[in-house]
Each structure stands twice: as C-alpha cells, then as structure tokens.
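**Q** Let me give you the structure first, and then I'll get to my questions.
The values are calculated or read from the model by the stated rules, or taken from the named source; none is laboratory data. Please read all numbers here as calculations on a predicted model, not as lab measurements. Cβ: placed from backbone, ideal geometry, glycine included. Neighbour counts: every protein chain shown.
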C-alpha cells in the first residue's frame, strides 16, 4: 500500500525561491483559477506516476476568496479516488471558518478504499484538525499540520502523544511538523510513544530562499519501521516536497 502526503501550498505555484515569492506574491491574496488548475494538474501527474492508494493533503482550499472559490479537492477527485473528505483546519466552531480569507483553508484526503476515519481536533493552537484513518491490519494513519509557534506545537505534540499511546493499533504519523530547530524538538514525543522517524534529517523537504529544512516527516510505530519505506518527491509548485510511504 502507498500513502502520499502533500503540503500543497494552496496550489499557488510558489516553489520557495526568493524570486517566486517576490514575483508571485499577489497569489497569496488571490490566485486565479487557471493557475490553480495547472498546478493541480501537476499534482495529478504525480498521483498517476506513483499510484498511491491514499493521498493526505494539508494546505488545500475548499473554496475561499484566496482561491476564487475553487474547491481544489473536487478537482482532484476521479473514478480511481472516489472516497474523500475535506474539512476546515481551524476547528468546527472557530470564528475563522466564517471569514472569507480563512473559510476554505483545509486538510483533506482522497482514497481508493473506503476507509473508516475520524476528524480529531487539538485543544491548542490555531490549526487544529488532525485526521485519523484506519487501514487494514489495524494500522492507523494520522496526519496534520502543526503550529508555527514552538510553545503551541509542543502542547500539540503532547496531545498527539496521548492519542498514540491510547491507539488500539500501530500508527503512521504524517505531518508538516514545523520543527524549525531540528529533530531534537521531537525527543519528548518519541520517548513517550516509541515512534521512529523515517526521514533523514539531512534531506530537506522545505525551502524558503536559502533556508532548507526537514519539516514534512513520517513517524511510525517501532513495529512498523522495517516494513515501511519513505521517498521524498519534488513538488515544483510548492515550497514543500511530498512524501510517499510504501507499506
């Protein structure tokens, strides 16, 4: 089974270089539909090439002022990926859901299989949504987008640690962890859960101008470590690379 994790950058086509951040800055406020569909077409090409069974997305828009009210997930749905869900990342009752600039900002998944899933929410932070999907063999996939604020994401790491310790099966955790200070930020989470990091810290997944960091990570239960492989996939339209996990 293959799982794709992608921070799409809201399909704005900004790859992290200073040139694109400057020349395409206007897309942060408003990105035309033709630009988005071209980028989403490139993501579809990756999906066709890699043939994932489950696709997990963060920074995807289900229709806001920024995206000219285009539901980006609907553009990706095909007969091969008939099962899906998308939800606002700020939480079910957060005031940001009602603001045009934030209302469409979401996490989502596409799947070939009809998988049981839950929407879970952190108590701390602005970005609160965490998806949990159940795979065959009692394996749970969790994916999210952790806070940029170090103190907040430490609290979120504590919350996800509690979830994993009480999980009825093995866990694969995929996320943009936003660990700006390196893998050491995850020490407490790893100690409390016995999770293992599949990424190589020297292989970056994020670029901003001259800064390159490993932010998009796959963690898994120790019992799964030897049966999983991880590939980092270039996304030329985003400042983040995608992850492909093979189980």
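Condition check ((1) surrounded by 19 or more Cβ atoms within 10 Å (Cβ to Cβ); (2) in contact (Cβ under 8 Å) with a residue 40 or more places away in the chain; (3) touching a strand residue (DSSP E or B) at 6+ places or on another chain (Cβ under 7 Å); (4) not in a strand (DSSP E or B)) across all residues:
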residue	(1), (2), (3), (4)
187	no, no, no, yes
217	yes, yes, yes, no
226	no, no, no, yes
236	no, yes, no, yes
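**Q** I'm told residue 16 meets every condition in (1) within 22 Å of residue 245 (Cα to Cα); (2) part of a loop (DSSP other than H, G, I, E, B) except one. Can you identify the failing condition by its number?
**A** Result: residue 16 passes all but (1).
**Q** Here is a follow-up. Run residue 84 past the list (1) in contact with a strand residue (DSSP E or B) (Cβ under 6 Å, 6 or more places away or on another chain); (2) touching a residue at least 60 places away in the same chain (Cβ under 8 Å); (3) surrounded by fewer than 17 Cβ atoms within 10 Å (Cβ to Cβ) and report the number of the one that doesn't hold.
**A** (2)
**Q** Tell me which residues, restricted to segment 168-185, are surrounded by fewer than 17 Cβ atoms within 10 Å (Cβ to Cβ) and either at pLDDT below 95 or out of contact with any helix residue (DSSP H, G or I) (no Cβ under 6 Å at 6 or more places or on another chain) (or both).
**A** To start, the set of residues in segment 168-185 that are surrounded by fewer than 17 Cβ atoms within 10 Å (Cβ to Cβ) comprises 168-169, 180-184.
Within segment 168-185, 168, 180, 181, 182, 183, 184 qualify.
**Q** Right, another one. Does residue 213 satisfy the condition of being more than 23 Å from residue 24 (Cα to Cα) and in contact with a strand residue (DSSP E or B) (Cβ under 6 Å, 6 or more places away or on another chain)?
**A** The answer is no for residue 213.
**Q** Run residue 163 past the list (1) part of a strand (DSSP E or B); (2) within 17 Å of residue 220 (Cβ to Cβ) and report the number of the one that doesn't hold.
**A** (1)
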